[in-house]
Amino acid sequence: MSGFALLVGRDLRIALRRRGDALNVVVFFVVASSLFALGVGPEPKLLAAMGAGVVWVAALLAAMLSLPRMFAADFADGTLEQLLVAPRPLLGVVAAKISSHWLMTGLPLTLIAPLLGLQYHLPASALGTLLVSLVIGTPVLSMLGAAGAALTLGARGGGVLLGLLLLPLYVPVLVFGAGAVIAVQNGLDPGAHLSLLGAFLAVSSVVGPLAAMAALRIALD
Amino acid sequence: MLEAKDLACERGGVRLFTGLGFSVGAGALLRVKGPNGSGKTSLLRTLAGLSRPASGSIRWRDRERGDDFRREMLFIGHAAGLSEDLTVLENLNFALELSGAKRPLEKTKAALELFGLERVARMPARFLSQGQRRRAALARLALSAEVPLWLLDEPFAALDAEALEQLSRLATAHLARGGLVVLTSHQEVAIAAPATETVVLQA
Amino acid sequence: MIFNYAAPQAFYPIAGRMIPWFGVAAAVLAVAGLYVAFLVAPTDATQGEAYRIIFIHVPAAWMSMFIYLVMAFWAAAGLVLNTRLSGMMASALAPTGAMFTFLALWTGSLWGKPTWGTWWAWDARMTSELILLFLYLGFIALKGAFADPQRADRAGAVLALLGAVNVPIIYFSVVWWNTLHQGASVSLTRAPSMAMTMLVGMLLMALAAWMYSIAVSLARLRRIIRAREGDAEWIRLSTGKRNPR
């Protein structure tokens, strides 16, 4: 079996046995985005103007909260060590971890998001763009997130430190992702935003895994 | 086959040891002794390629360690390397497949039997005792005959007499085949080896 | 590959000798710059005297970005060459960089109030400076999160490089975001059309800030070297006292 399939298969099997974890991410996503509405009031026009941003920010936060799980458990029980001494390319290991994280976090968030968009009175065309923007953008969260998770392995400060490190780096995803939806809401073409988001995806797919690999080697030195 | 020259290790800004050298060939047992904190684990992790030495070189088969080194080496560290949520059998299969050595079910079951784990084979690892976890981590040795270099960090810790005996037998057989075993240990355990070298680290 | 002066021990006295020179240079340039800023540069037609704060704001912003790049450079050098001193230099630079970022934000805000009536506006430059401040704080936080200084240096280095690669992208995205949402709005920190004297004044202040940064960072570097190499014999000999660590 290819190393990639082996690792992703294992991660998914473990995730299935810890069903709670995967569900928590989605629940947090829904709760967090609802909080914004509770905070500013139910006026439809206001919510529609905020909607894209709110859903995207909630997705960012939800993805971030689930990041420590990428490496922490394996680090603690010694599996990560074994992954590094195994005759497998480290890039493959990191790619598998990123993919598992996306399958358990990014993908569910993307699928649920249109429902939240409805809560914020986004028109149908905007919902479609929201979906597309998340499909392109959530992998970026996992890729850069892998670097962040690897850097903070065994560090004091846990999740908050991870947030401080990653949120500035997530700004372009937020700007282009939410911007695409808002463009559609204003009757404009989201093409430019989505292309920029795609370009950032391309950059992250190189930079994120490389940083994660370096950070893992440093963590296990 | 395994050679170290002028090796120095640093941990948290502290020099653990310097100028360490040894050369061991096929069938040799290398014992690393020393008090706690003297760098035994660091040495083993450096040999495994996890840690970078502060200075010095390590050569395998007279060459710089490359990708093929990891194919010829296995490392079992302090942590058992078992995932809590997977069963003992699943963990063993994963470890074997990871190093490219998939085995049929009877063989893996036999390996678990060797260490008295046949009853807990289908239990998630979280329900195992310390000793059982240790044995589960070591079970793969029974199926790793073709991996020449075994790096074992405190393999005898938390083992009962029967498991100690089993491990000793496996190591002896491996050495007889021309394999190499490097281990750190507090205890004196009898392993019959064609050649034995000892490295003693000072605190 | 060990360079002669890459050992903290060798560099410590050299740094000590360099600090006063840079300090004096900073003071001289600052006096010259402030002279130009307050006495030579003409009063601005639209903004009056309040605009003079750009002589601090713009150099501070320049330094905040420059120092981040220098920090990332040293971090990378430490990672590649495995020299302890490089990592320490990056740690020494970070607080100064963060300080200039904060100064840029604060002076930007002070400029905004009398000129446009708001303490804060989400324009491209201020927002980018804010995110840069977060990047600095994240770097400092990560460095402080590990007991092992070597681990801290190397993890920080990877983060600094990751940040350095992303900074242009982040800046671009903020500019994009700003033009998108505000259309034709006034930039809070757009400098008035530059007379030559204004440019000279800002350059003098920027050079002063640069000299100051070097002096302060070297002093901080010496403090870091003392803290980390505390028990070494040479520390006792050079400082004449035992480091209580």
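The values are calculated or read from the model by the stated rules, or taken from the named source; none is laboratory data. Being a predicted model, the structure only gives us computed values, none of them experimental. Note that we place each Cβ from the backbone using ideal geometry, even for glycine, and neighbour counts take in every protein chain shown.
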So if I check each of C:TYR51, C:TYR68, which one is touching a strand residue (DSSP E or B) at 6+ places or on another chain (Cβ under 6 Å) and not small (Gly, Ala, Ser)? C:TYR51
How many residues, within region C:100-130, are modelled with pLDDT of 95 or more and either β-branched (Val, Ile, Thr) or not in a helix (DSSP H, G or I) (or both)? 1
Would you be able to say whether some residue in region A:91-101 is in contact with a strand residue (DSSP E or B) (Cβ under 8 Å, 6 or more places away or on another chain) and closer than 27 Å to B:LEU47 by Cα? no
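Matching residues to (1) assigned to a helix (DSSP H, G or I); (2) within 14 Å of chain B (Cβ to nearest Cβ); (3) out of contact with any Pro (no Cβ under 7 Å at 6 or more places or on another chain):
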position: A:VAL27; (1), (2), (3): yes, no, yes
position: A:ALA32; (1), (2), (3): yes, no, yes
position: A:GLY39; (1), (2), (3): yes, no, yes
position: A:PRO42; (1), (2), (3): no, no, yes
position: A:ALA58; (1), (2), (3): yes, no, yes
position: A:ARG69; (1), (2), (3): yes, yes, yes
I need every pair where a residue in region A:3-24 that is farther than 16 Å from B:GLU84 by Cα has its Cβ under 7 Å from the Cβ of a residue that is of a type in the set (D, E, K, R) and assigned to a helix (DSSP H, G or I), sequence separation at least 6 or different chains. A:LEU6/B:GLU97
Contact list, first residue from region C:13-39 and exposed (fewer than 13 other Cβ atoms within 10 Å of the Cβ), second anywhere and of a type outside the set (A, V, I, L, M), beta-carbon distance below 7 Å, six or more apart or interchain, is C:PRO13/C:SER238; C:ILE14/C:TYR5; C:PHE38/C:ARG52
For region B:169-185, give me each residue that is surrounded by fewer than 18 Cβ atoms within 10 Å (Cβ to Cβ) and over 20 Å from B:LEU20 (Cα atoms). B:ARG169, B:THR172, B:ALA173, B:ALA176, B:ARG177, B:GLY178
Going through (1) part of a helix (DSSP H, G or I); (2) more than 14 Å from every other protein chain (Cβ to nearest Cβ); (3) crowded, with 19+ Cβ neighbours inside 10 Å; (4) not charged (D, E, K, R) one by one, C:PHE139 fails only at (2)
Can you go through A:LEU116, A:LEU6 and tell me which one is among the hydrophobic types (A, V, I, L, M, F, W, C) and either within 14 Å of another protein chain (Cβ to nearest Cβ) or surrounded by fewer than 17 Cβ atoms within 10 Å (Cβ to Cβ) (or both)? A:LEU6
Give region A:113-126 a look and list any residue that's touching a helix residue (DSSP H, G or I) at 6+ places or on another chain (Cβ under 6 Å), closer than 18 Å to A:VAL26 by Cα and among the aliphatic types (A, V, I, L, M), or say none. A:ALA113, A:LEU116
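Suppose we filter C:THR118, C:THR107 for residues that are touching a helix residue (DSSP H, G or I) at 6+ places or on another chain (Cβ under 9 Å), more than 14 Å from C:HIS57 (Cα to Cα) and away from chain A (no Cβ under 14 Å); which single one remains?
So the residue among C:THR118, C:THR107 that is touching a helix residue (DSSP H, G or I) at 6+ places or on another chain (Cβ under 9 Å), more than 14 Å from C:HIS57 (Cα to Cα) and away from chain A (no Cβ under 14 Å) is C:THR118.
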Filtering region A:137-157 down to residues that are under 17 Å from A:LEU60 (Cα atoms) and either polar (S, T, N, Q) or surrounded by fewer than 21 Cβ atoms within 10 Å (Cβ to Cβ) (or both), which residue is nearest to the other protein chains (Cβ to nearest Cβ)? A:SER142
State all residues of region C:142-160 that are in a helix (DSSP H, G or I) and either facing another protein chain (nearest Cβ under 7 Å) or within 17 Å of B:LEU50 (Cα to Cα) (or both); if no residue qualifies, say none. C:LEU142, C:PRO149, C:GLN150, C:ARG151, C:ARG154, C:ALA155, C:VAL158, C:LEU159
Which residue is surrounded by the most Cβ atoms within 10 Å (Cβ to Cβ), if the candidates are limited to region A:159-207 and must be at the interface with another protein chain (Cβ under 10 Å from one of its Cβ atoms) and not in a helix (DSSP H, G or I)? A:LEU188
